[in-house]
Ligand code: AMP
């Protein structure tokens with residue numbers, strides 16, 4: 001089983017590339033953003049606090065996200081899967097160290113870190129045009145990636161779509177600033193460990209998928 005981390009700013013295409021690995025190669029995606037959005041739908045004590053933090057574009061506490069991730073990894077243990085893609089985790093150095101420890105305890109390691117690099121202006125345009133299948137959470141874009149059949153999700157055939165609350169210009173800018181300050185240092189961290197490979201996220205979606213498959217040797 002392979003453990004793969006996607007690092008890239010919001011809107012770099014991490015979610016879209018996960019769809020390809022899930023649909024065609026039996027990977028499981030762990031999107032911490034998605035797990036948090038699910039948490040906001042519950043009536044847990046944390047729900048409204050999490051919602052506020054996410055709406056502002058900053059990060060929830062390491063303590064909370066580490067706990068959510070650990071639960072997810074335990075749940076996936078011994079399931080017949082080809083690999084896990086970490087989408088949106090780790091997002092800072094302390095989370096990176098936490099993930100290493102968690103995987104070590106499960107007798108696993110990080111096999112690949114793939115940086116999806118892309119210019120800020122491109123992701124701002126992408127995020128402003130992003131919409132999501134309400135059912136399976138697949139990502140689409142008004143500008144770059146519409147469903148093959150109008151208003152029908154390519155993956156689950158659902159026909160309800162929604163926007164993310166944090167995809168508005170102010171919050172987008174603050175999410176990108178947070179990425180530069182806290183997440184970008186991971187690129188040096190994993191480069192030093194010699195497990196980081198880079199793909200050009202501004203290429204066509206299929207081309208990016210091809211590059212990723214080459215790196216993963218699948
Ligand atoms: P995403 O769906 O990955 O863009 O994440 C949406 C939001 O969830 C982020 O802007 C953060 O507020 C929060 N979030 C997701 N993953 C993490 C994480 N690993 N650490 C802290 N906050 C996170």
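Readers should treat all values here as calculations from the given coordinates under stated rules, not as data from a laboratory. All of these numbers come straight from a predicted model, not from anything done at the bench. Please note: Cβ atoms are built from the backbone with ideal geometry, for glycine as well, and neighbour counts cover all protein chains shown.
Dividing the convex hull volume of the alpha carbon atoms of the chain by its residue count gives 122 Å³ per residue.
As a length-normalised measure over Cα pairs under 8 Å and 6 or more apart, the relative contact order of the range 25-113 settles at 40 percent. Relative contact order, percent, of the chain when contacts are C-alpha pairs under 8 Å separated by at least 6 residues? With pairs under 8 Å counted, the relative contact order is 30 percent. Evaluated on the range 28-82, the Kirkwood hydrodynamic radius is 12.1 Å, with distances taken between all distinct Cα atoms.
Between the range 129-183 and the range 36-96, what is the C-alpha centre distance in whole Å? So the separation of the two Cα centres works out to 19 Å. Once every Cα of the range 25-141 carries one equal point scatterer and solvent is ignored, give the base-10 log of I(q)/I(0) from the Debye formula at q = 0.15, 0.18, 0.23 Å⁻¹, two decimals. The computed values of log10 I(q)/I(0) come out as -0.83, -1.19, -1.56.
For the chain, what does the helix formula give at 222 nm: sum of -39500 (n - 2.57) over DSSP H segments with n ≥ 4, over the residue count, nearest 500 deg cm²/dmol? Please list the in-between numbers first.
Numbers: 9 runs with 99 residues, N = 218.
Value at 222 nm, helices only, nearest 500: -13500 deg cm²/dmol.
For the chain, what is the percent of antiparallel DSSP beta bridges, rounded to the nearest 5? Spell out each step's value before the answer.
Values: 7 of 26 bridges.
Percent antiparallel among DSSP bridges in the chain is about 25.
If you model the range 157-218 as an ellipsoid using its alpha carbon gyration tensor, with each semi-axis the square root of five times an eigenvalue, the axes come out at 26, 22, 10 Å, biggest first.
Full extension of the chain segment joining residue 168 with residue 42 gains 43.0 nm, where the gain is 0.36 nm per residue of separation less the Cα-Cα distance.
Let me make sure I get this right: for the range 78-184, a, b and c are the square roots of the gyration tensor eigenvalues over alpha carbons, sorted descending. Under 1.5 in a/c it's rounded, otherwise prolate if a/b > b/c, else oblate. Which is it? Mind showing how you got there, number by number?
Values: a/c = 2.57, a/b = 1.33, b/c = 1.93.
Cα axes put the range 78-184 in the oblate bin.
Projecting the alpha carbon convex hull of the range 78-118 along each direction and taking the average yields 3.6 nm². Once the Cβ-Cβ distance of residue 180 and residue 78 is raised to the sixth power relative to R0 = 41 Å, the FRET efficiency obtained is 0.60.
Relative contact order, percent, of the range 125-218 when contacts are C-alpha pairs under 8 Å separated by at least 6 residues? Walk me through the numbers before you get to the answer.
Working: 75 pairs, mean separation 18.7, N = 94.
Once normalised by length, the contact order is 20 percent.
For residue 94 and residue 200, a Förster radius of 41 Å and the Cβ-Cβ distance give a FRET efficiency of 0.90, rounded to the nearest 0.05.
With springs connecting C-alpha atoms under 10 Å apart, model the chain as a Gaussian network and identify which of 203, 141, 31 has the largest mean-square fluctuation. Checking each option, the largest mean-square fluctuation is seen for 203. Debye calculation, C-alpha points only, no solvent: report log10 I(q)/I(0) for the range 9-58 at q = 0.17, 0.27 Å⁻¹, in the same order as the q values. Once normalised to I(0) and log-transformed, intensities are -0.63, -0.98.
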